[in-house]
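So the structure is just underneath, and the comments pick up after that.
Every number in this text was worked out from the coordinates using simple rules, so none of it is lab data. These figures come from a predicted structure and were not determined experimentally. Here the Cβ is made from the backbone with ideal geometry for all residues, glycine too, and neighbour counts use every protein chain on show.
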Amino acid sequence: MFVADCLQVNRQGHLCVEQVDVLDLAAKYGTPLYVMSETQIRKNCHLYRDSIQQFYGGNGMALYASKAFCCKEMCRIADQEGMGLDVVSGGELYTAISAGFPAEKIYFHGNNKTESELIAALEHGVGAVVVDNLEELETLDRLAGARGVCQQILFRIKPGVDAHTHQFIRTGQIDSKFGFSLETGEAMEAVERAIGLSHVELVGLHCHIGSQIFDTEPFALAARIMIGFLAKIRQQTGAVLTKLNLGGGYGIRYTPQNDPPPYEKYMEQVSLVIHETCNLFDFPMPYILLEPGRSIVGPAGITLYTVGSVKEIPGIRTYVSVDGGMTDNPRYALYQSEYQIVNAGLAAQEKTMQITLAGHCCESGDLIGENLPVQHLEKGDIVAVLSTGAYNYSMASHYNRVPNPPVVLVRDDMDRVIVKRESWEDLTRMDV
Ligand SMILES: *Cc1c(COP(=O)(O)O)cnc(C)c1O
């Protein structure tokens with residue numbers, strides 16, 4: 001009935017996250033409200049950890065891509081679940097370190113890391129910096145040299161694979177701002193350059209072809225290409241790189257029409273290709289890193305709103321306006337993303353309305369979705385938007401000086417706040 005496993009309906013017909021009635025949560029904490037299922041998050045972490053065990057004999061690690069949803073408690077959960085962490089900014093790094101996340105399990109990404117971010121990475125002793133370009137390579141070597149350390153690095157490679165997903169979340173093709181291109185020879189040039197430097201140690205390669213991908217084929221193709229490049233590096237330079245980071249991008253269900261293959265299937269197919277290609281080139285099996293973000297937290301989260309008005313424009317559409325919108329969920333405005341929605345108080349009933357769910361910002365594009373089927377809705381009802389655990393809280397803004405909602409974590413029949421609600425006072429805290 002719902003796109004996420006952590007949801008159910010109780011005897012009163014109310015939507016529940018695990019065993020907690022979301023109407024109780026709305027009453028207790030107010031709306032808008034992000035609610036996440038801790039059990040679901042931990043289960044999703046297990047899937048990746050187990051697949052590393054099953055398909056690579058434990059010779060690897062899953063990193064949680066923290067940009068999907070980053071706060072201290074999420075870093076602690078990822079750590080407790082044995083995950084490494086992928087961070088893409090000084091702020092995410094700071095959050096992880098503040099939460100006590102072990103620095104050696106942090107991989108630092110980004111296509112334009114500033115010097116102060118690189119210095120923070122060196123000083124905290126991150127496991128690896130994923131270097132994006134030649135300027136960064138030189139800068140990092142200089143900064144590491146000044147501190148008398150040698151930093152392990154991976155190179156971000158564009159494998160030239162076109163994943164079939166929205167153009168804004170496609171990153172593996174040659175026309176991308178991320179990484180070194182294979183086709184132009186720039187990747188091999190960078191490898192040769194790195195080998196000649198004394199304060200960086202190139203230990204492996206990274207690729208990430210995009211996000212919300214349902215096909216296993218592009219992942220398999222990218223893996224094949226990356227192993228081929230590892231073999232070519234050995235042939236041309238003698239260097240045997242030992243780590244291969246295959247990125248994230250596994251798709252999740254936002255609507256009942258979305259039908260991603262089970263993660264085990266992805267893992268199995270990609271691992272087959274990796275074993276095969278390693279055999280073909282007689283290349284030693286690299287240490288495998290996976291970087292799931294969306295598939296860890298996306299299905300574990302929902303957002304609750306209170307309906308303020310229902311505006312029927314005869315023959316055109318019905319606008320239902322809620323007390324949040326693009327400030328807590330900009331994904332529709334960014335990529336026309338689709339969602340399943342539910343009247344949380346009538347969750348088991350038939351969907352009899354077709355609506356446009358509108359936010360409260362001064363912006364016509366401030367919508368959560370159009371043509372959404374939903375149960376009868378009227379002023380005061382609590383509406384739940386499902387699968388909002390990834391790229392919602394982390395993409396929230398203060399447009400119109402709207403404070404960010406809190407995040408409540410549910411486990412079994414218990415709930416606790418892991419990010420507090422912002423106040424109007426918080427909004428003016430930096431004003432002078
Ligand atoms: C965004 C990103 C991820 C996570 O992608 P998901 O689609 O959320 O799994 C992993 N690695 C890199 C480098 C990324 O940019």
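Listing MET285, MET326 from the residue with the fewest other Cβ atoms within 10 Å to the one with the most, what is the order?
Placing the least packed residue first, the sequence is MET285, MET326.
Summing -39500 (n - 2.57) over the DSSP H runs of n ≥ 4 in the chain and dividing by its residue number, what mean residue ellipticity at 222 nm do you reach, to the nearest 500 deg cm²/dmol?
Estimated from H runs of four or more residues: -9000 deg cm²/dmol.
Computed over the Cα atoms of region 70-139, what is the ratio Rg over Rh, Rh following Kirkwood?
Rg/Rh: 0.97.
What does the charge count around PRO299 come to, taking other residues whose C-beta lies under 12 Å from its C-beta (Lys +1, Arg +1, Asp -1, Glu -1)?
+2
Give me the Kirkwood hydrodynamic radius of region 19-132 in Å, from all C-alpha pairs, to one decimal place?
15.5 Å
Quick check on the chain: of the DSSP beta bridges with both residues there, what percent are antiparallel, nearest 5%?
50 percent
With Cβ to Cβ distances under 13 Å as the rule, what net charge do the other residues near LEU427 carry (K, R +1; D, E -1)?
-1
Residue by residue through region 47-64, which ³J(HN,Hα) values in whole Hz follow from phi under the Karplus form 6.51 cos²θ - 1.76 cosθ + 1.60 (θ = phi - 60°), with glycine and proline marked x?
Values per residue, Gly and Pro as x: 4, 6, 4, 5, 5, 5, 5, 5, 9, 10, x, x, 8, x, 7, 8, 9, 7 Hz.
Can you put ARG193, ARG411, ARG429 in order of Cβ neighbours within 10 angstrom, beginning with the fewest?
So the residues, fewest neighbours to most, are ARG429, ARG193, ARG411.
First measure r as the distance between the Cβ atoms of ASP431 and SER198, then evaluate 1/(1 + (r/R0)^6) with R0 = 60 Å and state the FRET efficiency to the nearest 0.05.
The pair ASP431/SER198 has a calculated efficiency of 0.80.
Need the full-extension length gain, SER364 to GLU186, defined as separation in residues times 0.36 nm minus the C-alpha distance. One decimal, nm.
59.7 nm
Pop a pseudo-label 7 angstrom from the Cα along the beta-carbon direction at both GLU135 and ASN59 and give the gap in nm to one decimal.
Distance between the two pseudo-spin positions: 3.8 nm.
For each of GLU217, GLU136, count neighbouring Cβ atoms within 10 Å of the residue's Cβ, then give the residues from fewest to most.
Ordered from fewest to most neighbouring Cβ atoms within 10 Å, GLU217, GLU136 come out as GLU217, GLU136.
Counting only Cα, what are the radius of gyration and maximum Cα-Cα distance Dmax of the chain, in Å?
Rg and Dmax of the chain, Cα atoms, are 22.7, 71 Å.
Would you mind calculating the gained length between LYS177 and GLN236 on full extension (0.36 nm times residue separation, minus the Cα-Cα distance), in nm to one decimal?
Contour length minus the Cα-Cα distance gives 18.6 nm.
I need the phi-derived Karplus couplings for region 246-251: 6.51 cos²θ - 1.76 cosθ + 1.60, θ = phi - 60°, integer Hz, Gly and Pro marked x.
8, x, x, x, 5, x
What aspartates and glutamates does LYS177 reach when the alpha-carbon gap must be under 16 Å and sequence neighbours fewer than 8 apart in one chain are set aside?
Output for LYS177: ASP132, GLU135, GLU136, ASP162, GLU186.
Would you kindly derive the ³J(HN,Hα) couplings of region 213-223 from the backbone phi angles with the Karplus curve 6.51 cos²θ - 1.76 cosθ + 1.60 (θ = phi - 60°), listing them in order in whole Hz, with x for Gly and Pro?
Listing the rounded values in order: 9, 9, 7, 7, 4, x, 5, 5, 4, 4, 4 Hz.
May I ask you to derive the relative contact order of the chain, considering only C-alpha pairs under 8 Å and at least 6 residues apart, and to give it as an integer percent?
With pairs under 8 Å counted, the relative contact order is 20 percent.
Could you compute the net charge surrounding MET353? Neighbours are other residues with a C-beta less than 15 Å from the C-beta of MET353; K and R count +1, D and E count -1.
Net local charge, MET353 excluded: -1.
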